[in-house]
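The values are calculated or read from the model by the stated rules, or taken from the named source; none is laboratory data. Given the structure is predicted, the values throughout are model-derived calculations rather than measurements. Positions of Cβ are backbone-derived with ideal geometry, glycine not excepted, and every protein chain shown enters the neighbour counts. The protein model used for the area step is the full one, side chains on, heavy atoms only, and it has no ligands, DNA or RNA in it. Shrake-Rupley method; radii C 1.70, N 1.55, O 1.52, S 1.80 Å.
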Amino acid sequence: MDRTWKLFLLPCLLLSFLASSSAQTCNSQRFPDNRQYANCADLSALNCYLHWTHDQAAGTLDVAFRHTGTTDSRWSAWGLNPSGPRMQNTQALVAFVNSSGVANAFTTSIDTMSPSMQPSPLSFEVPTLSARFENNEMTIFAVMRVSDSWLSTSQVWQEGPVSNGQLGIHPLSGDNVRSAGSVNFLTGQSGGSSSAGSRTRRRNVHGVLNTVSWGILMPLGAITARYMKVFKSADPAWFYLHVACQTSAYAVGVAGWATGINLGSDSPGVTRNPHRNIGIALFCLATLQVFALLLRPNKDHKYRLYWNIYHHSVGYTVIILSIVNIFEGFDILQPEDHWERIYIGILIFLGVVATLLEAFTWFVVLRRNKSDKHSHSINGRISLLSRDRWVFLYSPNGPTRRMDRLPRDVVLDILSRLPVTTLAQSKSVCRSWRGIIQGSILLDKHLLRMSGPENDPCIIFQSPPPILDHYYFVDFAAYSGRYKRLKSFWVSTMHGKLVASSNGLLCFCSSSAIHICNPLTKQSVELPKLPSESGMLGFGFSPTTKEYKVLDIIYQRKRLSSDSHLAPFQSKVQIFTLGDSQWRSLGMAPYQFIDRQSQVTVSGRLHLISQPGEVRMKDRIISFDLTAEQFQAVPLADHVTLDRRFFELVALRGHLCVAASNASCGLDIWVMKEYNVKESWVKEFIIGGYLPKELRSTNGRIPFFKSDFSAVCSFKGGKILLKLWRNDLVLYDPVHEKFEDPMFEGALQWHEMVVHVGSLVSI
């Protein structure tokens, strides 16, 4: 085994010796006429070498500068610069092959960044100067008489083209910008310049930062966004990955861009116009992309399409310009070839990955569309993915053809299950859909389903004074997540006091008029003027006659003729049916109703709370039959004692309920399980006191006003929405007896609120 290893190592050592001996160094070089030099140095760039002998007694330097691997169409130069390792102020020796084929040498003082390269005297004497060109090597021989200050200084060497006897400008990249260093003719030391090395390092750092950021991370972020979002399980992870990737690319790219600006300021007279201009454009476009992220509208915003077009076009432009500028940088920096090949390999890899993902995602989308068409599709654009979720898919066949394939009853049943906001958007699919959605059959079916216990209601909030004509709409049926989206809307006639909501319409009252409107369709109508001053208003819908009615109740008292006591309360009642031309009088009613947001419509009857009078002490809840247009007391069970307690009416899951404050500063809720049946009253919920965390005192005590809250509505999961004393909202889970704060996307400040069943019914 040892002998085998020796036989293997011997050829390797021999090859290594031959390779090292064949590499040219200054020590292996020979000169004609057996010239000998005391010192030599291998210069760091352009295959150049320096030989010299210092005669201290005579004060002279005998130098030989050799440039190997050149041609007779190139000039070579070497010089000294006491100002530093740069071109300006260099005292140079220049050699080239003239038109006669003879090597010619001369001196020139380089005083500007654009020298004429014409013969001129130097700052020191050069008694002897000659040049020799053979075997593609140019050698300059010179004897220089210099002072001691020139013995340790900076040296600069260069080469460039010769055309028709004229010396051209040398290249401004690669080794030509690294050909500077220091030399000490006394100690024999020669090396690269620290400032030149620093500049080279900065150029390399500039190239690496920009290649990694603009050339790798940017395309990777675009690939992540384009292909990951196809998969539902990757949402919203793809968005955060995309933002992280692009933000990192921008941060690293800005560092690379700043390095390039610094390099440009340190290199006066050196211009890279295409590279610089593309870099500035990249920085500006990328900065716009970052700010555009902060201004990104919601997905359903009308300007989102234009934002997407801008975002995609600018993003792909940045990637294309980045790749072009990186190759511009390679041409300037001129690194070893394998670095450019590595980046080309990375681009090829990213291109192959993008191509494969493009094909795979198209396969996934087409397969998903095909599956949806056979199982859930009702036309070419909309596919039902779950019971109450729809996604718009575009198809070249159009929606009308596929609509005809389904029975009309099936289409009506499917559309009636949509949240009202989605149903409103579906009107824009096609004309046939618009006709179906605007038809009375679907509207009645949809309204009946949305008002049922299997669906969650909507809530409309009215902004606080002085801006009372701005509203927020929350469709709880459309968003199953924790965060509920607030949609602001405005209708010109929606101003004044928000009276009530009934069957998809809202009633508003101002000092000048009463309006009925549909906030989703933006339709509204102004009611005729009342014959007299308006009082308390009520609003409801009769499911029997399909009519909307508005009540106007004015309080009145009558004195008895025999004494000074007041008679029981009397109220003058007027009614208006939507579609009529005038108000009608219903005479007098023996009640004084409490004017607050507590009127509730259940079973076609509008329910109000009356003030106890001298005759009737227990007739506290009064119903108004919207069909028969008659008042009637609602029977209360004996155990439901409300005479001396603050209470409000609320409808929970279609049942008439009474919510009253209890002794523990909480809320008791009685539910009438069977309408108008006295014995069906049940105390179903007992809710304890609650206070938001920000209002709790540091010592754990609860302020006295914590009991002032009321019930608003209930949801299909069993939770109850409560309103606190300062218009805060809280959800109560009666199963686990826990409270939680509902979360809204956006700031919510409101003055009035109403539970609303959304509908597209026309007025």
Practice task
Quick one: which residue in Thr187, Thr211, Thr112 is out of contact with any Gly (no Cβ under 6 Å at 6 or more places or on another chain) and open to solvent by less than 60 Å² (accessible area, probe 1.4 Å)?
Solution key: Thr211
Handout entry: Positions within segment 145-184 being in a helix (DSSP H, G or I) and either open to solvent by 40 Å² or more (accessible area, probe 1.4 Å) or in contact with a His (Cβ under 7 Å, 6 or more places away or on another chain) (or both), in sequence order
Key = Asp148, Ser149, Asp175, Asn176, Val177
Problem - Failed item, numbered, when Ser76 is tested on (1) assigned to a strand (DSSP E or B); (2) touching a residue at least 60 places away in the same chain (Cβ under 8 Å); (3) over 22 Å from Leu122 (Cβ atoms) - result: (3)
Exercise for the section: Report whether or not Asp72 is over 60 Å from the mean Cα position of the chain (by Cα), at negative phi and at pLDDT 90 or above. Expected result: no
Practice task
Kindly indicate whether Asn325 is touching a Phe, Trp or Tyr at 6+ places or on another chain (Cβ under 8 Å), modelled with pLDDT of 85 or more and in a helix (DSSP H, G or I).
Solution key: yes
Practice task
Could you grab me the full set of residues in segment 48-69 that are among the basic types (Lys, Arg) and modelled with pLDDT under 90?
Solution key: none
Completion exercise
Sole miss for Phe106 among (1) assigned to a loop (DSSP other than H, G, I, E, B); (2) free of Cβ contacts under 8 Å to residues at least 40 places away in the same chain; (3) open to solvent by less than 30 Å² (accessible area, probe 1.4 Å) is condition (1)
Problem - Count - residues of segment 31-46 that are in a strand (DSSP E or B) and open to solvent by 30 Å² or more (accessible area, probe 1.4 Å) - result: 3
Practice task
Among the residues of segment 510-556, write down those that are more than 17 Å from Ser762 (Cβ to Cβ), touching a strand residue (DSSP E or B) at 6+ places or on another chain (Cβ under 6 Å) and either among the basic types (Lys, Arg) or open to solvent by 70 Å² or more (accessible area, probe 1.4 Å) (or both).
Solution key: Lys549, Tyr555, Gln556
